[in-house]
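Novice: The structure that follows is given in the form of structure tokens.
The values are calculated or read from the model by the stated rules, or taken from the named source; none is laboratory data. Predicted model only: the values in this text are computed from it and were never measured. Please note: Cβ atoms are built from the backbone with ideal geometry, for glycine as well, and neighbour counts cover all protein chains shown. Ligands, DNA and RNA are stripped out before the accessible areas are found, and what is left, the full protein with its side chains, is counted by its heavy atoms. Shrake-Rupley method; radii C 1.70, N 1.55, O 1.52, S 1.80 Å.
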Amino acid sequence: MSAYYIFQENLHDPAKFEAYRKVVMSTLAPFEGRIIARGGELTVVEGEWPFDRTVILEFPSRTAAEAWYNSPAYQVILPLRLQSMMCNAILIDGVG
């Protein structure tokens, strides 16, 4: 069953984020992760959405998703993301 990370982001340090962005794609590939939505136009249809960006990552399984997040390659760049933005993040299972 697929698993998804959903990130809600408000960017405040574009330079640090750019350094993260240049590397993050290479960390996804070994875990078959892919970006299925990133930035772009969004429409709030209910409630509030106080974030500038939303990113959704898809992995083939929860195991792969957790392995990516905890991998040494991602842990090296994670501080860049955390320092460059205010972010909420969840991992959620897909419907199988």
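Novice: Scan region 3-22 and give yes if some residue there is assigned to a helix (DSSP H, G or I), under 18 Å from Ala89 (Cβ atoms), without any contact (Cβ under 8 Å) to a residue 40 or more places away in the chain and touching a helix residue (DSSP H, G or I) at 6+ places or on another chain (Cβ under 8 Å), otherwise no.
Specialist: no
Novice: Among (1) closer than 14 Å to Leu91 by Cβ; (2) loosely packed, with under 14 Cβ neighbours inside 10 Å, which single condition is Trp49 missing?
Specialist: Here Trp49 clears every test but (1).
Novice: Can I ask one more? Specify the residue that is nearest to Asp13 (Cα to Cα); the eligible residues are those in region 84-96 that are open to solvent by less than 40 Å² (accessible area, probe 1.4 Å) and not in a strand (DSSP E or B).
Specialist: So, considering only residues that are open to solvent by less than 40 Å² (accessible area, probe 1.4 Å) and not in a strand (DSSP E or B), the one nearest to Asp13 (Cα to Cα) is Ser84.
Here's the yes/no breakdown for (1) closer than 28 Å to Val95 by Cβ; (2) open to solvent by 50 Å² or more (accessible area, probe 1.4 Å); (3) touching a helix residue (DSSP H, G or I) at 6+ places or on another chain (Cβ under 8 Å); (4) not in a helix (DSSP H, G or I):
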position: Val24; (1), (2), (3), (4): yes, no, yes, no
position: Ala37; (1), (2), (3), (4): yes, no, no, yes
position: Thr43; (1), (2), (3), (4): yes, yes, no, yes
position: Glu66; (1), (2), (3), (4): yes, yes, no, no
position: Tyr74; (1), (2), (3), (4): yes, no, yes, no
position: Leu82; (1), (2), (3), (4): no, yes, no, no
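Novice: Just to be sure, is Phe59 touching a Leu at 6+ places or on another chain (Cβ under 6 Å) and among the hydrophobic types (A, V, I, L, M, F, W, C)?
Specialist: Against the criterion (touching a Leu at 6+ places or on another chain (Cβ under 6 Å) and among the hydrophobic types (A, V, I, L, M, F, W, C)), Phe59 does not qualify.
Novice: Go through the residues of region 48-64 one by one and say whether even a single one is part of a loop (DSSP other than H, G, I, E, B), β-branched (Val, Ile, Thr) and within 23 Å of Asn10 (Cβ to Cβ).
Specialist: So far as region 48-64 goes, no, none of its residues is part of a loop (DSSP other than H, G, I, E, B), β-branched (Val, Ile, Thr) and within 23 Å of Asn10 (Cβ to Cβ).
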